[in-house]
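Notes follow the structure.
Nothing in this text is a laboratory measurement; each read-out follows from the coordinates by a stated rule. Worth saying up front: this structure is predicted, and the values here are computed from it rather than measured. Positions of Cβ are backbone-derived with ideal geometry, glycine not excepted, and every protein chain shown enters the neighbour counts.
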Amino acid sequence: MNDPARRLDAKLFYRKLDGLFSAMDPNRPHEDLLKSFLEESFRTLRDHLHLRACLYYEEEEEIFVLKQAAGEPGADLKRKLDPSDSRLQALFQHKVYIFDDTVASKDGSASAALLVGKRPNRSVFFYLLDPGWSREELDFTLNAIRAALGARLTEERLRGSFKEAALIQQSLLIDEPPVFEGYDFACTSIPAEEVGGDFFDFSVIDPQILGIAIGDASGHGLPAALLVRDVVTGLRMGIEKHLKVAHVFEKLNRVIHRSMLSSRFVSMVYGELEANGNFIYVNAGHQPPLIINPDSVESLETGGSVIGPLPEVQFVRGITHLDHGSILLLCTDGIIERRNSQGEFFGENGMLSIIRAHQGASAQKMLDELFTAAFDYGNRRPWEDDATGVIVVRK
């Protein structure tokens, strides 16, 4: 998933998934909420996954009882499943499971399934597939759905802990950029709600190396705040001098994947800036940072997929250089995707025009002008999404 187009597809899919959850009424009873999810997810993902039918079973007194079906499951539909069933046993172990094609086709049983919740309140979703589905795509999508659904159910249980999570998140985010000789820094983050999903961070590795991070947890509110906490804490604990950045990301991905309190996904960039201008970075499915020179713009895209959905993801590090006078701009989607009254994005070109118009000014002046321009571009409406920017200028 190192290809930028694949990363874009992943982010678009997650936004669609976020929209699906946003449309669900959190005040409905647990079972009604999952029935609604089954219907809406089948409608939304039917073509994407080549779905023929979806089935929702709920655990009741050690038996799994069919609660809802969508699509065309067939006449031999089982109304109750015993936990000793081999398919359920595989699912209990792996949480997401794609069954062997020949076994699945013998009796019309599910081709794939996912499990959410814990005993004695587990929920199982079976997916019957039409020809043409891709194992890699199905595995990625079902893991993403399971993480998102689990996070949504957890969010309802922990709604009362929202303020505590906000305090935790705020305690992790720095107020001022560091002093790093030869460079000028500025950083700003504006949440769309009381608690946002964006973050930035700086880590002094040694007097000659400074770590810089920026990220975007999907969604808003409690799940995003919890994910920001996990990522920032994990990154700070994992970064050490001479440790390969790609390895840190792979380990962080495994930690976030296992976390039941994670939100849908996180895109992020982490880079280590050396005093001589070298910048070694990994881009995990995030809006590419830009190095802006007087006559050129470099987009920093090397890395891998977004963090969280899959247990194992490989990352590749990129290496570039900031010359004297170069500007490194890192941002989140809230700025890029700010819309005007015609629905047009502010976009990368909008950002570049503002930065170039104020090239030579301080980093803080450029960042202030960027936020003002983006806010005005949206007719001064409240921000639709968290907006975060970091500017680094090599003097």
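Numbers for the structure displayed
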| read-out | value |
| --- | --- |
| Whether region 277-395 is rounded, prolate or oblate, judged on the alpha carbon gyration tensor where a/c under 1.5 counts as rounded | oblate |
| Phi to ³J(HN,Hα) by Karplus 6.51 cos²θ - 1.76 cosθ + 1.60 over region 361-366, Hz, x for Gly, Pro | 7, 5, 4, 5, 4, 4 |
| Sorted by Cβ neighbour density within 10 Å, fewest at the top, the residues ILE355, ILE212 | ILE355, ILE212 |
| Relative contact order of region 165-394, pairs being alpha-carbon contacts under 8 Å that are 6 or more residues apart, as % | 23 percent |
| Other-chain or far-sequence residues with amide H under 5 Å of ARG122's (modelled H) | GLU59 |
| Members of LYS251/LYS395; LYS365/LYS395; LYS78/LYS118; LYS95/LYS244; LYS35/LYS251; LYS244/LYS365 lying beyond 25 Å, as alpha-carbon distances in this model show | LYS251/LYS395; LYS95/LYS244; LYS35/LYS251; LYS244/LYS365 |
| Extension gain (nm, one decimal) between SER84 and GLU194, 0.36 nm per residue minus Cα-Cα | 35.0 nm |
| Amide hydrogen neighbours beyond the local backbone of ARG338, cut-off 5 Å, H modeled | PHE346, GLY347 |
| Length added when fully stretched, GLU369-GLU312, from 0.36 nm per residue minus Cα-Cα | 16.5 nm |
| Global form of region 165-394, assessed from the alpha-carbon gyration tensor, a/c cut-off 1.5 | oblate |
| Qualifying trypsin sites (Lys or Arg not before Pro) for region 45-95 [loop in DSSP, other Cβ within 10 Å: at most 11] | ARG79 |
| Antiparallel bridge percentage (DSSP; both residues within region 165-394; nearest 5) | 95 percent |
| FRET efficiency for ALA275 and GLU344, using Cβ-Cβ distance with R0 set to 41 Å, rounded to 0.05 | 0.50 |
| Convex hull (Cα only) mean projected area of region 277-320, reported in nm² to one decimal | 3.3 nm² |
| Backbone N under 19 Å from the PHE92 label point (7 Å along Cα→Cβ), restricted to region 121-154 | 121-126 |
| Note, ³J(HN,Hα) from phi for region 293-305, Karplus 6.51, -1.76, 1.60, rounded to Hz, x at Gly and Pro | 10, x, 10, 7, 9, 10, 9, 9, 10, 5, x, x, 7 |
| Estimated vicinal HN-Hα couplings, Hz - region 203-210 in sequence order (Karplus 6.51, -1.76, 1.60; Gly, Pro = x) | 9, 7, 6, 7, x, 10, 9, 10 |
| Additional length obtainable on full extension of the chain from GLU60 to SER134, 0.36 nm per residue less Cα span | 23.3 nm |
